[in-house]
Amino acid sequence: NALRSAVADAEREALRVLRELTDLARSSADSIAALHEMCVAGDDLVARVRYAHEVGGVVPRVGAPAVRLVGARHPLLLARAIEVVPFDLLLEPGQRTLLISGPNAGGKTVLLKTIGLAILMTQAGIIPPVRAGTELPVFTSAFADIGDHQSIAADLSTFSAHLVVLRQVLAAADEGTLVLMDEIGSGTDPAEGGALAASALQRLTEGGAFTVATTHLGVLKTLASEVPGVVNGSLEFDAERLQPSFRFRQGVPGRSYGLAIARRLEVDPVVVARAEAAVPDRERALDELLAQVEERSRLVDDEASRLAALRLDLEGREAMAALTAESQA
């Protein structure tokens, strides 16, 4: 009992001392609060600077009419300390919609998220993982439909959940809106889903919203040739090794490689063969055309690399010749 009484006395004495200290500090409450805010602001600025140095980020030009990303990388991939393939993107003021296609697990969603994060981080005052030359407009609102939002409680299927978001986007989007939509048109009949997605993208493009969408639907891969302001983009895929390279190509739609990946994963050959035979002629023709485009693009890239190497060699020889001439003189 004596011990408990002593403990209670000690607690009462501690409270008395704290009350006295509080009374002494109360007169300086405003100054203390201001100093606390200053310390928080200082820590915040230091954290932003440290992050920018860690990721090698450069302050983008803000308020530009176009969207230009140079050497953009996803922040979370950088945090994993793995090799990240950067990408460049340029959308002129009249180009409002980027439609990204390509293989499964090829990096489409990561690319979409990287674009959105670079824009939103910049507007939040955080330097994103981008290189010099990056220019970004200012957006007043942003919408994102990424992942599956189906809900039993809300009586929403996968497709219904996408439609709820799409309805909100179409009702509110304007020239100051950023829209990110992953696998647009999925979750229902491909023909109807593709038609709805094409109509929605056309509406957003005409309304001036800046939209980035990913898709596997073949009908959307031709949208860029039909609707002004829509630009195709794709992620490269090594057709021989059936592995993604994660390199972004602007202006070219990508193949999905669904059957090729199924064959690589050793799905029953009979099933794969029947699936190939069942592919509609229009889809097969489009896939063959995209394959030819990919091959020509690869040849152009190889030739550009060869010419760049020759140019460097020539410049080196010219520099050596100049040094030799100077020494002889």
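The values are calculated or read from the model by the stated rules, or taken from the named source; none is laboratory data. All figures in this text were calculated on a predicted structure; none of them were measured in a lab. Because the Cβ atoms are built from the backbone with ideal geometry, glycine has one as well, and the counts that use them run over all protein chains shown. These area figures cover heavy atoms from the full protein model, side chains too; ligands, DNA and RNA do not enter into them. Shrake-Rupley method; radii C 1.70, N 1.55, O 1.52, S 1.80 Å.
Peptides 136-142, 44-50: what's the order by average Cβ count within 10 Å, highest mean first?
Numbers: 136-142: 15.7, 44-50: 11.6.
Going from most to least packed, we get 136-142, 44-50.
Between Q123 and Q243, the simple spin-label model (points 7 angstrom out along Cα→Cβ) gives 3.8 nm.
Rounded to the nearest 10 degrees, what's the angle between the helix 2-26 long axis and the longest principal axis of the chain, both from Cα atoms, 0 to 90? The angle comes out at about 70 degrees. Axis angle, to the nearest 10 degrees, between helix 158-172 and the longest C-alpha principal axis of the chain: 80 degrees. Using C-alpha pairs below 8 Å separated by at least 6 residues, the relative contact order for the chain is 18 percent. FRET efficiency for the A171 to Q250 pair, using the beta carbon distance and R₀ = 25 Å, is estimated at 0.25. The dipole here belongs to segment 26-87: it is taken about the Cα centre, uses +1 on the Cβ of Lys and Arg and -1 on the Cβ of Asp and Glu, and is about 280 debye.
From the square roots a ≥ b ≥ c of the eigenvalues of the alpha-carbon gyration tensor of segment 90-249, which class results: rounded (a/c under 1.5), prolate (a/b over b/c), or oblate? Could the numbers behind the result be given before it?
Working: a/c = 1.37, a/b = 1.09, b/c = 1.26.
The shape class here is rounded.
Computed extension gain for T222 through V138, at 0.36 nm per residue and net of the alpha carbon distance, reaches 27.3 nm. Note on L15 and A64: their simple-model spin labels are 6.3 nm apart, each label 7 Å out from Cα toward Cβ. Between F246 and E236, the built amide H atoms are under 5 Å apart, and every one of these is 5 or more places off in sequence or on another chain.
Using a 10 Å cut-off on Cβ atoms, rank the peptides 118-130, 2-14 from the highest mean neighbour count down.
Working: 118-130: 19.7, 2-14: 9.2.
Going by the mean number of other Cβ atoms within 10 Å, highest first, we get 118-130, 2-14.
Going through segment 213-274, which GluC sites (Glu not before Pro) have at most 15 other Cβ atoms within 10 Å and a DSSP loop state?
Details: sites: E226, E236, E240, E266; in loops: E226, E240, E266.
Hits after loop and neighbour filter: E226, E240, E266.
If I fit a long axis through the Cα atoms of helix 108-123 and take the longest principal axis of the Cα atoms of the chain, what angle between them do I get, 0 to 90°, rounded to 10? The helix 108-123 is inclined about 40 degrees to the chain. Along each principal axis, taking the top coordinate minus the bottom one, the Cα set of segment 59-119 gives 33, 29, 14 Å in descending order.
Estimated purely from DSSP H runs of n ≥ 4, each contributing -39500 (n - 2.57), the mean residue ellipticity at 222 nm for the chain is -18000 deg cm²/dmol once divided by its residues.
With both labels modelled 7 Å from their Cα along Cα-to-Cβ, the L323 to S157 distance reads 7.1 nm. As a calculated quantity, the FRET efficiency between D43 and E83 at R0 = 35 Å, using C-beta atoms, amounts to about 0.65. Which residues among segment 60-79 fall inside the zone where the amide N is under 17 Å from a point 7 Å beyond the Cα of R50, along Cα→Cβ? Residues passing the 17 Å test: 79.
When the accessible area of segment 160-263 is split by element with a 1.4 Å probe, what percent falls to carbon and sulfur?
Numbers: 2260 of 4380 Å².
For segment 160-263, the apolar C and S fraction of the accessible surface comes to 52 percent.
Compute and list, largest first, the equivalent-ellipsoid semi-axes of the chain from the alpha carbon gyration tensor, each √(5λ) rounded to a whole angstrom.
Values: eigenvalues 474, 229, 97 Å².
That gives 49, 34, 22 Å for the three semi-axes.
Ignoring ligands, DNA and RNA, what accessible area per residue does segment 44-100 give at 1.4 Å, in Å²?
In whole numbers, segment 44-100 has 56 Å² accessible per residue.
Out of all DSSP beta bridges with both ends in the chain, state the antiparallel percent to the nearest 5.
Working: 11 of 31 bridges.
Counting only bridges with both partners in the chain, antiparallel ones make up about 35 percent.
Taken as Cα centroids, segment 54-97 and segment 178-250 sit 19 Å apart, rounded to the nearest whole angstrom.
Just checking the listed ones, T205, T158, T22: in the Gaussian network model of the chain with Cα springs under 10 Å, the one fluctuating most is T22.
Of S160, S225, S27, which is the most mobile in a GNM of the chain whose springs link Cα atoms less than 10 angstrom apart? In this elastic network of the chain, the residue with the biggest mean-square fluctuation among S160, S225, S27 is S27.
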